[in-house]
Every structure is written in structure tokens, then in C-alpha cells.
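Student: I'd like to ask some things about the structure below.
The values are calculated or read from the model by the stated rules, or taken from the named source; none is laboratory data. What you are looking at is a predicted structure, and each value in this text was computed from that prediction instead of being measured. Because the Cβ atoms are built from the backbone with ideal geometry, glycine has one as well, and the counts that use them run over all protein chains shown. Side chains are part of the model used for accessible areas, which takes the heavy atoms of the whole protein and leaves out ligands, DNA and RNA. Shrake-Rupley method; radii C 1.70, N 1.55, O 1.52, S 1.80 Å.
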Amino acid sequence: MTESRTTTFTNPRNYTFPSHRLRRTLHDSTGTKQPIVLVACGSFNPITNNHLRMYEIANDFVRENTDFEIVGAYLSPVSDEYGKPGLVSAHHRVNMCSLAIEQESSWLMVDPWEAFQNYQRTAAVLDHFDYELNMVLGGVSTPDGEHRDVRIMLLAGSDLINTMSEPGVWSHDDLDRILGRRYGTIVIEREGYNVAQATGNLSLWQNNIYTIPQLIQNDGSSTKVRLLFRRGLSVQSSLLPAVIEYIEQNNLYGWQVGSGEEGQG
Ligand SMILES: Nc1ncnc2c1ncn2[C@@H]1O[C@H](COP(=O)(O)OP(=O)(O)OP(=O)(O)O)[C@@H](O)[C@H]1O
Ligand SMILES: NC(=O)c1ccc[n+]([C@@H]2O[C@H](COP(=O)(O)O)[C@@H](O)[C@H]2O)c1
């Protein structure tokens, strides 16, 4: 790769890049697979079973349809400075993500890098992963001991990719970085956001956009879960038990007059 790498980053205090579940040696012995790491950026307010399901869907898709091999996968909760109405503190959102993956997953990791500092654009987040994985850790190896750089890929729902065609939300330079040859995206169809429509204006980068139609549609969202909480209704099928317990113990998402959330959903 000839593009230059960003190498200057501000880390939160006491930050360590999580790599305990990263696979450092490829399974593939044919030499044809490209190692990739999945990174989903978002509010995770709170993390839902649908967020976790995204990784399963992507894993099946990658195995069956691509020459990629997934060596790691991360959730990257957004900074409090993102300022979305109803966003609970990064501390709670990171804790909920950690509890969820501890309980449910053997391969996902939570990276608190963007959560615990100023707002970082998604392109900068992917640059941070590229730097940590390829410059600091030195990428991964083939079974024969050959070095391979890891390709970072944004894992996203089609609603997020749809915003890439909205004027003023993403800069052309950032889109070129995220969807260019170095990175790329795996897009999971989300009800109400047809994948072809969501990616229609991004044809410049079509070779690096992998779209996955959903076999079983699921219109769940964190917004809907917050609404259920406020109304005192059951959330058992949307969240993991450890996440529900955490929310109750910390009294999150309760009805608050003037929170700006009333009536959304
Ligand atoms: N049901 C779903 N199907 C497909 N993708 C999803 C689903 N829920 C969340 N995602 C994706 O997960 C990523 C992080 O999402 P985010 O935390 O913003 O969830 P959200 O449910 O959209 O949140 P909110 O309702 O608070 O706006 C985004 O790429 C989003 O598209
Ligand atoms: N220009 C950008 O980098 C840009 C624009 C819009 C959203 N995003 C990211 O997409 C995610 C969106 O999350 P929500 O769906 O919860 O709003 C966040 O991680 C946010 O940082 C990035």
C-alpha cells in the first residue's frame, strides 16, 4: 500500500489498546485470504442484541462470500461530545458493551479510545485502529510466518451508510478514506433502509462496499429499547440480562421530564 498512514493520535488517560482476543496468526494456509478487523462505530445507548447480531451476520457473510479472514472485531462507542439526545455517559455505554461481550462473545472487544475523549470522526477512528494493529502490533502472520497487514473494515447498518449521501454529514475526504482501498465497509441491511438505495450514491467506492441483505428483518433499535424502559415495559428479548441488570442498578433510561426524548421511537 502506498498511501501514507496517520501516526499522531491523542489517547485518553491510562488507555491501552485491547488486543486480548485478536488472532495473530491466520488460519488460512493457501496464502489467498486477506486478514480483516471489523469495527462498528455508534452510540450503543444501550448495546442491544441487534448490535451483537451484526457481527454474526458479517462473520457468516465473510466466510461464505469473500477472500477475507476475520482476525478481530471491535465495538467503538462514540464520545459524549457527539451530543445525541438521551446519550448516557460514555462510562456507562462502555461498561454495558463490556458486560455484553463478556457474557455473549468469545471474539468481540470494546475499544474505549473514542468514547473517553473529544469527538473523533469515523475516518480518524479507523486510522487509530490501523495504527494500533499495523504499526504498533505489526499486523498478523500467515501459518508460514509471513507478515500481513490487517485491513480495517467499518461494520455498519444501512441506516448509517445512508447518511453518507446526506449533504454536510461526511466530508468527501473522509468518505474516500473510509471507503477507499485501505479500509472499506460491510453493510448490514436495516429495515427501512434498502441497501441498494443506501449505497447508490457511493458507486465511486463500490469495490470496497460489501452489502448483506437481511434474511430475517429486525427493526429493533436502541431508541425503541429506551422507550420501553421509560414506559416500564419488558426488554428481555432485546438486551442481554447483564445489560438489563446494569441499567436497573444505575438507574439509566428512566422517564425524565425534559430529557428531550419524550415521544421519540
Ligand atoms: N437492527 C439493526 N440492524 C442493522 N444494523 C443495526 C441495527 N441496530 C443497530 N445497527 C447498527 O449498529 C451501529 C451502531 O448503531 P447505534 O448504536 O447508533 O444503534 P441505533 O439502534 O441506531 O441507535 P439509536 O436508536 O440510539 O439511534 C450502526 O451502524 C447501526 O446501523
Ligand atoms: N463525519 C463522520 O465521521 C460521521 C458522520 C456521522 C456519523 N458518524 C459516526 O457514526 C456513528 C453514528 O452513530 P448513531 O447512529 O448512534 O448516530 C457514530 O459513531 C458517529 O461518530 C460519523
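Student: With every protein chain present, what accessible area does Lys84 have (1.4 Å probe, heavy atoms only), rounded to the nearest 10 Å²?
Tutor: Probe radius 1.4 Å; accessible area of Lys84 about 110 Å².
Student: Averaged per residue, what accessible surface does the chain expose to a 1.4 Å probe, in Å²? Please list the in-between numbers first.
Tutor: Working: 13110 Å² over 265 residues.
Using a 1.4 Å probe on heavy atoms only, each residue of the chain averages 49 Å².
Student: So how tilted is helix 90-104 from the main axis of the chain? Cα-based, degrees 0 to 90, rounded to 10.
Tutor: So the helix axis and the longest Cα principal axis differ by about 70 degrees.
Student: Which whole-number percent gives the relative contact order of the stretch 34-218, counting Cα pairs below 8 Å spaced six or more residues apart?
Tutor: 22 percent
Student: Suppose every K and R has +1 on its Cβ and every D and E has -1 on its Cβ; what is the size of the dipole of the stretch 172-241 about the Cα centre, in Debye to the nearest 20?
Tutor: Numbers: 8 positive and 6 negative charges, 66 e Å.
Using Cβ point charges on Lys, Arg, Asp and Glu, the stretch 172-241 gives about 320 debye.
Student: Give the carbon-plus-sulfur fraction of the accessible surface of the chain in %, rounded to a whole number; probe 1.4 Å, heavy atoms of protein chains only.
Tutor: Details: 5910 of 13110 Å².
For the chain, the apolar C and S fraction of the accessible surface comes to 45 percent.
Student: Can you tell me which of Ile36, Ile216, Ile47 moves the most in a GNM of the chain? Springs connect C-alpha atoms under 10 Å apart.
Tutor: Ile216
Student: May I pose another question? Summing -39500 (n - 2.57) over the DSSP H runs of n ≥ 4 in the chain and dividing by its residue number, what mean residue ellipticity at 222 nm do you reach, to the nearest 500 deg cm²/dmol?
Tutor: Numbers: 8 runs with 77 residues, N = 265.
Using -39500 (n - 2.57) per qualifying helix, the result is -8500 deg cm²/dmol.
Student: Here's something else I'd like to know. What's the local net charge at Gln214, with K and R +1, D and E -1, over the other residues with C-beta under 11 Å away?
Tutor: -1
Student: Still on this structure: Note the angle between two axes, namely the Cα long axis of helix 49-65 and the longest principal axis of the Cα atoms of the chain, as a number of degrees from 0 to 90, rounded to the nearest 10.
Tutor: Helix 49-65 and the main axis of the chain meet at about 20 degrees.
Student: I want the antiparallel fraction of DSSP beta bridges within the chain, as a percent rounded to 5. All intermediate terms of the calculation are to be shown ahead of the outcome.
Tutor: Numbers: 3 of 28 bridges.
Within the chain, antiparallel bridges account for around 10 percent of the total.
Student: What net charge is computed for the residues neighbouring Met135, neighbours being all others with C-beta under 12 Å from the C-beta of Met135, Lys and Arg scored +1, Asp and Glu -1? Mind showing how you got there, number by number?
Tutor: Numbers: positive: Arg5; negative: Asp127, Asp130, Glu132, Asp149.
The answer is -3.
Student: How large is the convex hull of the Cα atoms of the chain per residue, expressed in Å³ as a whole number?
Tutor: Convex hull volume per residue, Cα atoms: 138 Å³.
Student: Quick one: putting +1 on the C-beta of Lys and Arg, -1 on the C-beta of Asp and Glu, what dipole do you get for the stretch 34-218 around its Cα centre, in Debye to the nearest 20?
Tutor: Dipole about the Cα centre, nearest 20: 240 debye.
Student: If you rank Ser237, Ser43 by how much accessible surface each has, with a 1.4 Å probe, what is the order from largest down? Write out the running numbers ahead of the final one.
Tutor: On the way: Ser237 105, Ser43 25 Å².
Largest accessible area first, the residues go Ser237, Ser43.
Student: Post the alpha-carbon centroid distance, the stretch 101-119 to the stretch 163-221, in whole angstrom.
Tutor: Distance between centres, Cα-based: 22 Å.
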